[in-house]
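Input: a single structure, listed below in structure tokens.
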Amino acid sequence: MRIVVLVSGTGSNLQAVLDAVAEGTLDVEIAAVGADRPGAYGVQRAADAGYETFVVDFRAYDRRSDWNRALTDKVASYSPDIVLSSGFMRIVDEHFINTFEGRYINTHPALLPSFPGAHGVRDALAYGVKVTGCTVHIADAGVDTGPILAQAAVEVLDTDTEETLHERIKIQERRLLLETLGRISAKGLPAA
Ligand code: GRF
């Protein structure tokens, strides 16, 4: 199973995937790791581990649709079975979704469909929920929408800040992501 991973930030989820592949506990082939901006630490992590990397810089394109097309073409050039959005903070358009239909997987730090968007942890905390968590799902053209593959719950503590809560969520998120990728690599994606 060939995977292209997309990141925008620090890439700690990506690191868990890189480590599991290196340890032989996850049987996937990482074809490349890409980002929407130069300097994403996740790309550095992948390069350090010897993987091919790329940047399709969002700011280098006047039109969002041109960036989407360039990203789609770049990702497609690696012929991935799965495209993983691992902290990739850009909305992709229907052209991208259609090209990788049913094969674009996203992780989100909340129990979808609650608290979609860029601030899932902050929004859950602000709402005052006592339990939140993380979701791995097949992404469609919406914002953090699409069929759910797996979820894990995380208790919210009275003392939590966005940072402490996100750190505990990310522990579960990494575990869930590895489990889900392992299951897909062994059994394939669930039928749509
Ligand atoms: C994860 O919680 C992801 O769900 C969210 O941003 C975080 C990315 O963390 N969208 P990292 O870049 O993998 O460290």
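The values are calculated or read from the model by the stated rules, or taken from the named source; none is laboratory data. These numbers were taken from a predicted model, which means no experiment stands behind them. So basically every Cβ, Gly included, is an ideal-geometry build from the backbone, and we count neighbours across all protein chains shown. Keep in mind that these areas ignore ligands, DNA and RNA; they rest on the heavy atoms of the full protein, side chains included. Shrake-Rupley method; radii C 1.70, N 1.55, O 1.52, S 1.80 Å.
Observations
- Elements of type helices (runs of 4 or more DSSP H) contained in the range 5-81, each with 1 or more residues being within 16 Å of the ligand (Cβ to nearest atom): 12-23, 41-48
- Answer from Leu165, Leu112 - the residue that is within 19 Å of the chain's Cα centre (by Cα) and part of a helix (DSSP H, G or I): Leu165
- One residue alone among Thr99, Thr107 is among the hydroxyl-bearing types (Ser, Thr, Tyr), within 12 Å of the ligand (Cβ to nearest atom) and either open to solvent by less than 30 Å² (accessible area, probe 1.4 Å) or more than 14 Å from Asp160 (Cβ to Cβ) (or both), and that residue is Thr107.
- Condition met for Arg183 (farther than 22 Å from Leu125 by Cβ and basic (Lys, Arg)): yes
- From the list Leu18, Leu71, the lone residue that is within 14 Å of the chain's Cα centre (by Cα), over 30 Å from Lys130 (Cβ atoms) and not basic (Lys, Arg) is Leu18.
- Single residue of the range 87-96 satisfying the filter (open to solvent by 10 Å² or more (accessible area, probe 1.4 Å), under 22 Å from Gly9 (Cα atoms) and not aliphatic (A, V, I, L, M)) that is farthest from the ligand (Cβ to nearest atom): Asp93
- There is at least one residue in the range 137-153 that is closer than 26 Å to Ala40 by Cα, open to solvent by 60 Å² or more (accessible area, probe 1.4 Å), acidic (Asp, Glu) and in contact (Cβ under 8 Å) with a residue 12 or more places away in the chain.
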